[in-house]
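For reference, the structure is listed below as structure tokens.
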Amino acid sequence: MTEVFWRLVRCCVAGVSMLIAIVPQFARAEVPVPVTEQHHLDRHRELTRQFMQLLKADPQRALSEALAGVQRTSSLGRNDPQRADALEMLSHAHLMAEQYDKALPLAAEVVRIRKAGRPVDDELLALALDTHATVLFANERSAESDAALRESLAAWRRAYGANDLRLAPILEGQAEYVQKAFGRPLWTIELLREAVAIRVQNVGSSGGKLAQTLTELAIHEMRQALYSDCDGHLAMAQQLLESEIRSDPARQEQKSGLVQVLVMRAGIAAVLGRQDLAFDQVQRARSIELTDRLQQAQAQLLIAESLSSALWLTGDLDGAIASELESLEVFKNHQDLLESGALDKDLVGDTLTSLARLYLEKHELGLARQALKAARSGLGDTPDVLFNLSELERQSGNEALALAHYQAALRLRKESAAEIKVMFGTNRAAEKGGETGRFGTAVGDHLSLGESAVLVPGAQFSDVAWLRPARTVPLPVGLATDATRLLLRNKRVLDAAAFGVQARELMARARLYPKSALVFVHGFNVSFDEALQRAAQLARDLNYDGAVFVYSWPSQGTVLRYGTDRDIADRAVDRFVEFLAQVELATGAEKINLIAHSMGNRVLLPALAKIAADPQSRVRPKVREVILAAPAVPQADFTNWLDTISKQGIRRFTLYASSADKAMWAGWLREWATSLAGYASSGVPLWHPSVQSIDISKAAEPGLLQLNHDVFASNPVMSEDIRQLLQQGQQRPPNQRMPMMKVQRSPDAGRAYWSYEPPAPVRR
């Protein structure tokens, strides 16, 4: 979905203030007087309000009075709360004046004084910690700011209680701050989910506010591809809003919120292949009558953008273009709202950029150039504009200019790149300079451990035809990350001790997957660097914030060496067993999830068989979900290994197989017509009592040149299914995890399996 959609979604949701007093007060009295704790707290709140007003109106006077307040309280005891008030005020005066170095020691001293109170007033301490976190961040000490904010949240919880409604706006405000300051979406989601849980328990007080928080949460979840969670929260918000509208049909804010909810649900339906449902939701949104002009304009734009994306997904480019032109007409009819700033002027440029992308898809270069010229005049050289200019020049035959635009866009995108840490193990031999993480195709004589930072660009590359001409579909959350475009840096080999330190640090940061490790084993025709990129891609697309590991065996990195890769994979088993033991030892993980792709299953399955047979193994009881994607393993070997493994209690296997996987077909030929477990040659995937078998043949990309070997990672439906598996396990079968997974029965024995059944495209 285009950037204009996200801008509109954000501006349609009422902003959430942090509702914390960030500026302290001081006593105006010449001689401070002792006060009781409750009196002091009330006084602190009132004087905070007064000082905030003064700081806004006259910063210089506020600074002077703050300095005077500190002087007046200097004779008080070292731990006097009024002295803390004065220091807090001064720290904020410096903060507002951007004198961050002066504010820092003052804020730290306030925290010390609040902690010294007997008893400690948790509310005052929380306020002081909030201030300290802000000042630390301003001084570019992000890790310490993060710690202070977490301590603040703990103090707020102690002050109010875990289920007190007063805690909800604190959590909402902190969530907003966490996202804006740290760019931590998963932590933001965690905080908003806690706020929602509190508001649900107190829903009678304000259903509208709960709906707003649910929508805010859904925005972040949608951005992170948490489709099921997002749609569930939107459905709850929709129910609340519809109830309030029924009780009072004139409530325009609720109607505007309902439009947004319906449009977002339409976006989710579209990305999951339910265009019929998407169109239905859009039409419901269109039927809602709004009286406010700004709300009308925002609703019209949201509907047009959502419809454009749904039509694009069905292949109806003309319909999508018509919807983008409809958005431009809305802007034309509301120039006054644009000039006043009520509507963001950048929305026009974003819409023009989306329109240009559609024209490029149709190879209508003249119209694309006009749209991009207009977008560029409004937005300047943004990454999206430059990427599309790159594609325009490529289609026009200007390769040099296309490359220049592309490189300029890439430089801008790197500035907002996120970093994913990947830990690795390999039995590849180190190349010259191997201490820096350079490994080739030769088989090494020992297990090497290490780590690499992988940069994920700030926005999806896969929307750009220059990079991925086969798929230029603007989805609400983007396509699966293009692993080949991830950037590696700081590769380094570690000894076992350092490996353990880094792994435990990663695990300590996890919020969604605490005490959990994800281990990925790549397939054939994969280099060492490509293995790191794929592991990072999986971590990003699965929103896996736990410790991520990849085991890279010495694949030769060419499709012509299938037989060699097969033999090398067989010889990598013992080192992989050693690697899993290192992962368990390094992390102390309570859950180890495993994903193997293609020939990587020839490493994973016999390794698990060895681990299962070892009664002393520390790994065996911790293995949870085992995902077998397109396994290039003869069916007989596959079944024998699973029999051995499952007898020892490891039974949570999920198999993704396909009859459209050309690499599996080629492997079938190279294995002398031996049936492979990942190749559903008869249209029915292999069955085993320990396995949930899923036929993903219909998720294949059309075209003779499409191998369809990595659908498990490139298709967003498969990514979502795997994500739910990792979060919830197999307690829900595939058809309950994803609506496109249908229960099937094998024609011979009537055994159950599942198949991906995309709905037929629906056109207006």
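Under 30 Å from residue 352 (Cβ atoms), crowded, with 16+ Cβ neighbours inside 10 Å and either under 43 Å from the mean Cα position of the chain (by Cα) or modelled with pLDDT of 80 or more (or both): does that describe residue 72?
no
Would you mind stating whether residue 89 is of a type in the set (A, V, I, L, M) and surrounded by fewer than 20 Cβ atoms within 10 Å (Cβ to Cβ)? Step through it out loud before you land on a result.
Details: of a type in the set (A, V, I, L, M): yes; surrounded by fewer than 20 Cβ atoms within 10 Å (Cβ to Cβ): no.
No; evaluated as a whole, the condition is false for this residue.
Tell me, please, whether a residue that is buried (at least 19 other Cβ atoms within 10 Å of the Cβ), part of a loop (DSSP other than H, G, I, E, B) and in contact (Cβ under 8 Å) with a residue 40 or more places away in the chain can be found in the stretch 119-140.
Scanning the stretch 119-140, I find at least one residue that is buried (at least 19 other Cβ atoms within 10 Å of the Cβ), part of a loop (DSSP other than H, G, I, E, B) and in contact (Cβ under 8 Å) with a residue 40 or more places away in the chain, so the answer is yes.
Do any residues in the stretch 636-659 that are within 19 Å of residue 694 (Cβ to Cβ) have Cβ atoms under 6 Å from those of residues that are surrounded by 22 or more Cβ atoms within 10 Å (Cβ to Cβ) and among the aromatic types (Phe, Trp, Tyr), where the two are at least six apart or on different chains, and which pairs are they?
Qualifying pairs under 6 Å: 656/712.
All but one of (1) under 17 Å from residue 320 (Cβ atoms); (2) surrounded by fewer than 18 Cβ atoms within 10 Å (Cβ to Cβ); (3) in contact (Cβ under 8 Å) with a residue 60 or more places away in the chain hold for residue 361; which doesn't?
The one condition residue 361 does not meet is (2).
Here are the criteria: (1) in contact with a Cys (Cβ under 9 Å, 6 or more places away or on another chain); (2) free of Cβ contacts under 8 Å to residues at least 12 places away in the same chain. Tell me which single one residue 370 does not satisfy.
(1)
Does residue 618 satisfy the criteria of being among the charged types (D, E, K, R) and either assigned to a loop (DSSP other than H, G, I, E, B) or at pLDDT 95 or above (or both)?
Considered against the rule, which asks whether it is among the charged types (D, E, K, R) and either assigned to a loop (DSSP other than H, G, I, E, B) or at pLDDT 95 or above (or both), residue 618 comes out as yes.
Would you tally the residues in the stretch 170-193 being outside any helix (DSSP H, G or I) and modelled with pLDDT of 90 or more?
0
Of everything in the stretch 331-380, what is over 29 Å from the mean Cα position of the chain (by Cα), closer than 19 Å to residue 298 by Cα and among the basic types (Lys, Arg)? Give them in sequence order.
332
The values are calculated or read from the model by the stated rules, or taken from the named source; none is laboratory data. Please read these numbers as outputs of a predicted model, since none were measured by experiment. Cβ atoms come from the backbone with ideal geometry, glycine included; neighbour counts cover every protein chain shown.
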